[in-house]
DNA sequence: TCAGGAGTTGAATCCTGGTTCAGGTTTCAG
DNA sequence: CTGAAACCTGAACCAGGATTCAACTCCTGA
């Protein structure tokens, strides 16, 4: 349950991976297991998902799983970190490529919705981490929010957005995007993503107040 | 905490309750179990929560639990439905009391944050239902969103808000509120709620676009 | 060529905790 | 008062599934 004794040079890092593979063969197996775990947890959720089934999907024995991870929770945590990274890596470039922050907001949401539609499993895993690994979940959103707040503040410096409370705004916009992702990415993928992004963009840019 | 069965007139539904209590004594026990379940699930979450502990908290035998509910999932579902109602019953009056929709938005968020801060357990239960009872979770948010959309559209009729995509706006604002609730209600209750609500209100009302 | 570390295997172990059940006790209509 | 329905009780049962482990096989460096 606790960290492996790991008699050799104590590895300070490696929070979730019990042991790094030493050979190409090992790295390949680890990857198989990680991918299988993503499938399994994505499809059945953490508690319904089983190690035996992960091993089966990966085409390895149960014991091999424990060569790379200390526990069920450990794989899950590794997955969350990995997918958190994936989302950002997919979305951020679109934001940066846009001419200004507000256009970036729109492009980012479009990219995000696209990503969610093609990675519904991932979405579920990050969400479920709130209950399996609170700290990992929290870290994910706090990281995103901080990046967001900073980005907004810089945009303010360039005169692209109005002044305001950056943290609150960051959390608000993030929540907006997450829920739109849930609604129009996971649950209802009928409407084109640009349409959603356009509507959301209009809201974020000008608000609800009637024109004067 | 929970809704009293109230009407002795036969409730047509009873999906989750296996059997309605017939006597005052039974109603009292059901109430004890329901409240105990809210505490237990709120504190430990669905999967960590145990029936034995719920029974203990309620001060009844395990068997009594099964007199009123068919399974662990059944109590959970009953709770979700009940709390979904509670949130709305607490927040809606504040929105209605406001002079116009935008002011209502602000009052509603303030009330919501207040509620979350004093009912963190409840918050967790509704959130976790996404994985235990997807349909119940979905129903909760779809209901809220629909109410929201309708309300916004009516406000538009009165000239209080601009025209736009009501559904997208409803989901966006809902997500915004939920995340602000998570951040400033559950995780970080240091800042005064009005402050948060004011900042969010500014965003919803006028958006991020710089003044022209 | 060969030792031994890296990796693999999957049946067996173990434990948690939901659910059942065979009686008792209480309530209340008639 | 009285009997049956409504309730209550908690030990025992049992399934599911995470984790362990002792015995292989594979690979590489000397």
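No lab work stands behind these numbers, since they all come straight from the coordinates. Worth saying up front: this structure is predicted, and the values here are computed from it rather than measured. All Cβ positions, glycine included, derive from the backbone under ideal geometry; neighbour counts span all protein chains shown.
If a residue counts only when it is more than 10 Å from chain B (Cβ to nearest Cβ) and over 16 Å from the mean Cα position of the chain (by Cα), which helices (runs of 4 or more DSSP H) contained entirely in the stretch A:110-212 have at least 2 such residues?
Once the helices (runs of 4 or more DSSP H) in the stretch A:110-212 are filtered for at least 2 residues that are more than 10 Å from chain B (Cβ to nearest Cβ) and over 16 Å from the mean Cα position of the chain (by Cα), what remains is A:134-157, A:193-206.
Can you give me the number of residues within the stretch A:68-99 that are out of contact with any helix residue (DSSP H, G or I) (no Cβ under 8 Å at 6 or more places or on another chain) and either within 14 Å of DNA strand C (Cβ to nearest atom) or not in a helix (DSSP H, G or I) (or both)?
Qualifying residue count, the stretch A:68-99: 3.
For residues that are within 14 Å of chain B (Cβ to nearest Cβ), near DNA strand D (Cβ under 10 Å from one of its atoms) and either touching a residue at least 60 places away in the same chain (Cβ under 8 Å) or under 11 Å from residue A:76 (Cβ atoms) (or both), tally how many sit in the stretch A:27-58.
Total meeting the criteria: 3.
Quick check on the stretch B:47-55. Is at least one of its residues within 16 Å of DNA strand C (Cβ to nearest atom) and at positive phi?
The answer is no; no qualifying residue exists.
Please pick out the residue among B:143, B:194 that is under 23 Å from residue B:42 (Cβ atoms) and surrounded by fewer than 19 Cβ atoms within 10 Å (Cβ to Cβ).
Matching residue, one of B:143, B:194: B:143.
Of all the residues that make up the stretch A:67-83, how many are closer than 25 Å to residue A:127 by Cα and either free of Cβ contacts under 8 Å to residues at least 12 places away in the same chain or within 11 Å of DNA strand D (Cβ to nearest atom) (or both)?
Count: 8.
Could we say that residue B:127 is surrounded by fewer than 21 Cβ atoms within 10 Å (Cβ to Cβ), closer than 19 Å to residue A:205 by Cα and touching a helix residue (DSSP H, G or I) at 6+ places or on another chain (Cβ under 9 Å) here?
No, not satisfied.
Only one residue in A:138, A:158 is out of contact with any helix residue (DSSP H, G or I) (no Cβ under 6 Å at 6 or more places or on another chain), within 30 Å of residue B:49 (Cα to Cα) and surrounded by fewer than 17 Cβ atoms within 10 Å (Cβ to Cβ), so which one is that?
A:138
Of all residues in the stretch A:163-212, count the ones that are closer than 20 Å to residue B:141 by Cβ and out of contact with any helix residue (DSSP H, G or I) (no Cβ under 8 Å at 6 or more places or on another chain).
Qualifying residue count, the stretch A:163-212: 2.
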